[in-house]
1. Scale the Cα Rg of the chain by the rule-of-thumb value 2.2 N^0.38 Å and send over the ratio, two decimals.
2. Multiplying the sequence separation of E59 and R232 by 0.36 nm and subtracting their Cα-Cα distance, what value in nm do you get?
3. For region 43-74 and region 103-141, what is the separation of their C-alpha centers, rounded to whole Å?
4. Between S84 and E147, what FRET efficiency comes out of the Förster formula 1/(1 + (r/R0)^6) with R0 = 25 Å and r the beta carbon distance, rounded to 0.05?
5. Which of the peptides 50-56, 21-27 is most tightly packed, and how do the rest follow, going by the mean number of other Cβ atoms within 10 Å of each residue?
6. Give, rounded to the nearest 20 debye, the magnitude of the charge dipole that the chain has about its Cα centre when Lys and Arg contribute +1 at Cβ and Asp and Glu contribute -1 at Cβ.
7. Just want the answer: with Cβ charges of +1 for Lys and Arg and -1 for Asp and Glu, which residue in S238, A210, I176 is farthest toward the dipole's positive end in the chain?
8. I need the calculated FRET efficiency for the pair S249 and R35, taking r as the beta carbon distance and R₀ as 45 Å, to the nearest 0.05.
Amino acid sequence: MTKFITLFKPHRKKHEKGLDPALIKKGLGNRIAGRNIHHYPVADSTNTIAAGLAKKGAEEGTVVLADVQTAGRGRLGREWISASGKNLLFSIIFRPDIKQSELFSVTMIASIAIVKAIRKTLHLKAGIKWPNDIYINGKKAAGILTELELKGDLVDFVVVGIGLNVNFDTSIYPDISDTATSLLKEKGHEISRIILIKSILREVEKWYRALKKGKKEGIRKQWLKHSIVTDRKVKIISSGNEEEGIACSIDDDGALIIVDEKGNSKRILSGDVTLRFND
Ligand code: BTN
């Protein structure tokens, strides 16, 4: 007699329907992250739409989600490349009680949340590459774009935009094929975007609550635990300048602290990091 065994593979979803907000909210259990979810089949940029909603008073935790973006933005004025219905492209509005100089702590929360969600749901070893990229096996799987609006000296709202390559074939895009990866590529099968975004939103909720309670040191520790840059030899291109050294830590403002070969310590505020493997 032949026995048919059905293997339960919760993340192997070939025909998942779109990113229905009702499905994302179902059983989510969050009070902040994802309390309102706006889904757009096509958006210019979810960050732009989220900022518009925030200016009209949208509550913190509101999520703007798109299947495709016509003007997806990356850091340093770059374009964010994606394919329709394949990835996670979303922005979250926050209204944290922080100074502008503490903005990096909000980016840190998003980085930690993405890494933890990928590790928990897919058992992939994701890590954080300063300042705000998520890497798997030496390639970029996700990027974060954090933007803020000030009211006088105070932070009015922050929009954290997340672009995560899920079921995306990066090999057909020459601009990113060498440097980017996707969860599909790393796992070898399609991934449920619903399960993944739920997991990310749960982690965002947990770490944002920690931030609200002032647990900045705990957040910093988690970030450092998952950092793939610290204690490594790095080369950083920052506003046309090249800096080399050992990445030691990050300071409270999110600047990367490197020590060069003469033992001088330098603060790097922004830039692109290359990890040096051979020397
Ligand atoms: C980067 O790595 O340069 C950051 C990329 C951030 C992309 C996301 S996709 C959703 C949100 N909307 C945007 O226009 N950008 C962010």
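Values quoted throughout were computed directly from the atomic coordinates according to the rules given, and no laboratory measurement underlies them. These numbers were taken from a predicted model, which means no experiment stands behind them. Positions of Cβ are backbone-derived with ideal geometry, glycine not excepted, and every protein chain shown enters the neighbour counts.
1. Values: Rg = 19.0 Å, N = 279, 2.2 N^0.38 = 18.7 Å.
Dividing the Cα radius of gyration by 2.2 N^0.38 Å gives 1.01.
2. Details: separation 173, 0.36 × 173 = 62.28 nm, distance 4.00 nm.
Fully extending the segment from E59 to R232 adds 58.3 nm.
3. The two parts, judged by their Cα centres, are 21 Å apart.
4. On the way: r = 24 Å, r/R0 = 0.96.
In this case the efficiency is close to 0.55.
5. Numbers: 50-56: 16.9, 21-27: 13.9.
Top to bottom by mean Cβ count within 10 Å: 50-56, 21-27.
6. Numbers: 47 positive and 33 negative charges, 315 e Å.
Using Cβ point charges on Lys, Arg, Asp and Glu, the chain gives about 1520 debye.
7. Positive-most Cα among the choices belongs to A210.
8. Values: r = 35 Å, r/R0 = 0.77.
So, using R0 = 45 Å, E works out to roughly 0.85.
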